[in-house]
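K.L.:
Please read through the structure below; I'll follow up with questions.
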Amino acid sequence: MIYDTIVIGLGGMGSATAYQLARRGKRVLGFEQYTSGHTLGSSHGESRIIRQAYFEGVEYVPLLLRAYELWQQLEQDAGCSGELLHITGGLMIGAAESATFAGSLHSATTHHLPHEVLELADLRRRFPLFQPQQPLLALYEHNAGVLHPERTVQTHNAQAQRFGADLHFAEPVQHWHAHPDGSGVTVQTTRGSYTANTLVISGGAWAARLLADLELPLVVERQVMYWVQPQGGAAAFAAPNFPLFIAELSPDVQPYGFPAQDGPDGGVKVALFRDGPPCTPETLERNVAPTEFDRLRGYFAALIPALDAPLLRATACMYTTTPDEHFIVGLHPHHPQVAVAAGFSGHGYKFCSVMGEVLADLASAGSTHHPIELFAPHRFMAPTAD
Ligand SMILES: Cc1cc2nc3c(=O)[nH]c(=O)nc-3n(C[C@H](O)[C@H](O)[C@H](O)COP(=O)(O)OP(=O)(O)OC[C@H]3O[C@@H](n4cnc5c(N)ncnc54)[C@H](O)[C@@H]3O)c2cc1C
């Protein structure tokens, strides 16, 4: 069979792309080296923050508004409305001039997003578990929430298959090439050779290898997530009493955390944004020493004293970061039949649903109406001397 599009990598971005293409009636073939919803890449750890008042850039907000709609569309298609995206509310905490607070406020006011600004005394009164030791402000965002990464990857893949996609798991891609006349691509895996009209490359932390010809300046970083058993028990740490939070204690110290999860493994998940040493998927230290949390515990306790508490478990994940921390999404600069999605810099998960739509547009029409200029792959390429 001649396929319309091959998708390499069926993690966060690739599973959403396969779903969007199959839903449009396209003939899709997808390859994933591991299983659907595996825990060896960047889309695991049971929770991801989604929010709209984006401090990383006001340009992201239209994409986020569409991302929410498409997460809900996925829930409807899968018959699980309200189960994949949980609105919990979120606190963006920092000094008045901090990127986290001021940037969130800028996006919220520019796009008229529902929000409240809380002075320190308001924050302490309204959310008493938060007792910052510094004079900080908080932006409370009503629409912030939590996505379950493993479950949403599995749902995107399952819905892609229901709409007719042919997805091959445990089948690593060894290499690919674009046909020189621009008419198609060939992909070689451990099991065979396949052709299609267009290709989407969404390889996460493995992207630099799949896109070696572009020499993208991607840095893979080890990032650890920790689950703690808060003082007094986890029950008090449920939303809406305990919303998700991102706090900027100083420009380089940004702890964040989630409302408590149900179940015997529960606990409160916390982590430190962009804290990890560089690695590759092969050299990543997947074991987490218990002492690693000891180094961070003080940051959480300085904000939420009850989190000065025992560690339940921890797991490592990978960020794939670009120099400007904006994504790389667009057509391959040398091959118009190839779309690339990489470098999500530790903040990509919430966008998977809309990136699926963007990549489906690029693969089937060569363009998209979504604003993706900020993510142009060629911004990191040396200018040609002509
Ligand atoms: C600890 C941590 C916390 C985070 N928190 C948030 C958050 O709260 N909110 C948020 O929005 N984002 C967050 N992120 C970032 C977000 O999770 C990532 O940006 C997103 O998961 C990246 O998706 P991806 O599809 O690029 O990568 P992945 O989901 O890893 O998918 C890439 C896939 O490609 C496959 N692959 C690679 N090479 C091949 C090959 N040769 N053949 C076949 N398959 C291949 C891999 O196996 C993998 O499944 C966090 C990330 C981490 C690590």
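K.L.:
Tell me, which residue of the stretch 68-95 that is in a strand (DSSP E or B) and either open to solvent by less than 10 Å² (accessible area, probe 1.4 Å) or in contact with a helix residue (DSSP H, G or I) (Cβ under 8 Å, 6 or more places away or on another chain) (or both) is nearest to H326 (Cα to Cα)?
P.N.:
M92
K.L.:
Here's a follow-up. Residues that are among the polar types (S, T, N, Q): which strands (runs of 3 or more DSSP E) entirely in the stretch 117-229 hold 1 or more of them?
P.N.:
173-178, 185-189, 193-201, 219-228
K.L.:
Could you tell me how many of the residues in the stretch 270-296 are touching a residue at least 12 places away in the same chain (Cβ under 8 Å) and farther than 24 Å from V219 by Cβ?
P.N.:
1
K.L.:
Within the stretch 16-35, can you find the residues that are under 17 Å from C317 (Cβ atoms) and more than 6 Å from the ligand (Cβ to nearest atom)?
P.N.:
Correct list: T35 only.
K.L.:
Of (1) under 12 Å from A53 (Cα atoms); (2) touching a helix residue (DSSP H, G or I) at 6+ places or on another chain (Cβ under 8 Å); (3) aliphatic (A, V, I, L, M), L65 satisfies all except one. Which?
P.N.:
Tallying (1) under 12 Å from A53 (Cα atoms); (2) touching a helix residue (DSSP H, G or I) at 6+ places or on another chain (Cβ under 8 Å); (3) aliphatic (A, V, I, L, M), L65 fails exactly one: (2).
K.L.:
Same structure again: Give A234, A208 a once-over and let me know the one that is among the small types (G, A, S) and within 16 Å of the ligand (Cβ to nearest atom).
P.N.:
Only one candidate qualifies: A208.
K.L.:
Check whether at least one residue in the stretch 45-54 is within 13 Å of the ligand (Cβ to nearest atom), open to solvent by less than 10 Å² (accessible area, probe 1.4 Å) and of a type in the set (K, R), and report yes or no.
P.N.:
Checking the stretch 45-54: at least one residue is within 13 Å of the ligand (Cβ to nearest atom), open to solvent by less than 10 Å² (accessible area, probe 1.4 Å) and of a type in the set (K, R).
K.L.:
Does T280 qualify as being within 10 Å of the ligand (Cβ to nearest atom), farther than 30 Å from L307 by Cα, open to solvent by 30 Å² or more (accessible area, probe 1.4 Å) and at pLDDT 95 or above?
P.N.:
no
K.L.:
Got a number for residues in the stretch 2-36 being open to solvent by 10 Å² or more (accessible area, probe 1.4 Å) and closer than 19 Å to E83 by Cα?
P.N.:
So the count comes out to 1.
K.L.:
Still on this structure, I have one more. For the stretch 340-378, enumerate the residues that are of a type in the set (G, A, S), surrounded by 22 or more Cβ atoms within 10 Å (Cβ to Cβ) and within 13 Å of the ligand (Cβ to nearest atom).
P.N.:
The answer is A341, A342, G343, G348, S353, G356.
K.L.:
Can I ask one more? How many residues are open to solvent by 30 Å² or more (accessible area, probe 1.4 Å) and more than 23 Å from the chain's Cα centre (by Cα) if we restrict to the stretch 189-239?
P.N.:
12
K.L.:
Do any strands (runs of 3 or more DSSP E) entirely within the stretch 244-358 hold 3 or more residues that are more than 19 Å from the chain's Cα centre (by Cα), and if so, which?
P.N.:
311-321, 335-342
K.L.:
Hey, among A144, A170, A158, which residue is open to solvent by 20 Å² or more (accessible area, probe 1.4 Å) and within 30 Å of Q261 (Cα to Cα)?
P.N.:
The conditions single out A158.
K.L.:
With (1) within 12 Å of the ligand (Cβ to nearest atom); (2) farther than 19 Å from P305 by Cα as the list, and A271 as the residue in question, which single condition is left unmet?
P.N.:
(2) is the only condition that A271 fails.
K.L.:
Would you mind stating whether L10 is touching a strand residue (DSSP E or B) at 6+ places or on another chain (Cβ under 9 Å) and either within 10 Å of the ligand (Cβ to nearest atom) or within 30 Å of T100 (Cβ to Cβ) (or both)?
P.N.:
It is true that L10 is touching a strand residue (DSSP E or B) at 6+ places or on another chain (Cβ under 9 Å) and either within 10 Å of the ligand (Cβ to nearest atom) or within 30 Å of T100 (Cβ to Cβ) (or both).
K.L.:
Condition test on G41, is it at pLDDT below 95 and either more than 23 Å from A363 (Cα to Cα) or not hydroxyl-bearing (S, T, Y) (or both)?
P.N.:
Against the criterion (at pLDDT below 95 and either more than 23 Å from A363 (Cα to Cα) or not hydroxyl-bearing (S, T, Y) (or both)), G41 does not qualify.
The values are calculated or read from the model by the stated rules, or taken from the named source; none is laboratory data. Remember, predicted model here, so these are calculated numbers, not experimental data. Positions of Cβ are generated from backbone atoms using ideal geometry, with glycine treated the same way; all protein chains shown enter the neighbour counts. Each accessible area value is taken on the protein alone, full model and side chains, heavy atoms only, with ligands, DNA and RNA left out. Shrake-Rupley method; radii C 1.70, N 1.55, O 1.52, S 1.80 Å.
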